[in-house]
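Colleague: For reference, the structure I am asking about is given below.
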Amino acid sequence: MKASANLTIVSVAAAGPRLVYVAAMSSSAAEAEAMARARGISMQDWAAQVDDYTRNSVCSMEALAAFVRLGGEVQYFYKGSDGRVLFSPLVGRDDCLKRR
């Protein structure tokens, strides 16, 4: 499923109480690192931004937020076009409880 011009959700699976999404980015790890440098941020800073974005996205969708508040978890693996995992945010119960 195309999520944006640069991101495609390629799989969703359940592993116990965790929903795991794998999203493919259109750029490779090296290209992503170059983009971060060009923006004047580190990959660690970018990972923190992706964590925040993912948390806000999951917790703003009522069905997913309810699942998480009941003890479920949602994890995304953002992979570069070269297959390398660039970001892997995990959204848990406390994340969505804070948003209520």
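The values are calculated or read from the model by the stated rules, or taken from the named source; none is laboratory data. Everything numeric here is computed off the predicted structure, so don't read it as measured data. Using ideal geometry, Cβ is built from the backbone for each residue, glycine included, and neighbour counts are taken over all protein chains shown. Please note that ligands, DNA and RNA were not included when accessible areas were found on the heavy atoms of the full protein model with its side chains. Shrake-Rupley method; radii C 1.70, N 1.55, O 1.52, S 1.80 Å.
Colleague: Based on what the data block shows, is Ala38 surrounded by 13 or more Cβ atoms within 10 Å (Cβ to Cβ) and either modelled with pLDDT of 95 or more or farther than 29 Å from Lys98 by Cα (or both)?
Modeller: Taking the combined requirement at face value, the residue does not satisfy it.
Colleague: In segment 16-29, what residues are open to solvent by less than 20 Å² (accessible area, probe 1.4 Å), touching an Asp or Glu at 6+ places or on another chain (Cβ under 6 Å) and in a strand (DSSP E or B)?
Modeller: Correct list: empty.
Colleague: Which numbered condition in (1) in contact with a strand residue (DSSP E or B) (Cβ under 6 Å, 6 or more places away or on another chain); (2) in contact (Cβ under 8 Å) with a residue 40 or more places away in the chain; (3) under 24 Å from Ala15 (Cα atoms); (4) part of a helix (DSSP H, G or I) is the only one that Ala32 fails?
Modeller: (3)
Colleague: Check Val74, Val22 and return the single one that is modelled with pLDDT of 95 or more and in contact with a helix residue (DSSP H, G or I) (Cβ under 9 Å, 6 or more places away or on another chain).
Modeller: After ruling out the rest, the residue left standing is Val74.
Colleague: Could you tell me whether Val68 is touching a residue at least 24 places away in the same chain (Cβ under 8 Å) and either part of a strand (DSSP E or B) or surrounded by fewer than 18 Cβ atoms within 10 Å (Cβ to Cβ) (or both)?
Modeller: Answer is no for this residue.
Colleague: Then there is this: Against the condition aliphatic (A, V, I, L, M) and open to solvent by 60 Å² or more (accessible area, probe 1.4 Å), how does Leu90 come out, does it pass?
Modeller: In short, yes.
Colleague: Also: Tell me, yes or no, whether segment 48-64 has at least one residue that is in a strand (DSSP E or B), modelled with pLDDT of 95 or more and of a type outside the set (S, T, N, Q).
Modeller: no
Colleague: Something else about it: I need the full set of residues from segment 71-100 which are assigned to a loop (DSSP other than H, G, I, E, B) and either under 18 Å from Leu19 (Cβ atoms) or touching a residue at least 60 places away in the same chain (Cβ under 8 Å) (or both), in order please.
Modeller: Those that are assigned to a loop (DSSP other than H, G, I, E, B) and either under 18 Å from Leu19 (Cβ atoms) or touching a residue at least 60 places away in the same chain (Cβ under 8 Å) (or both): Gly71, Gly72, Ser88, Pro89, Gly92, Arg99.
Colleague: Right, something else. Please find, among Glu62, Glu33, the residue that is within 18 Å of Gly83 (Cβ to Cβ) and among the charged types (D, E, K, R).
Modeller: That would be Glu33, the only listed residue that is within 18 Å of Gly83 (Cβ to Cβ) and among the charged types (D, E, K, R).
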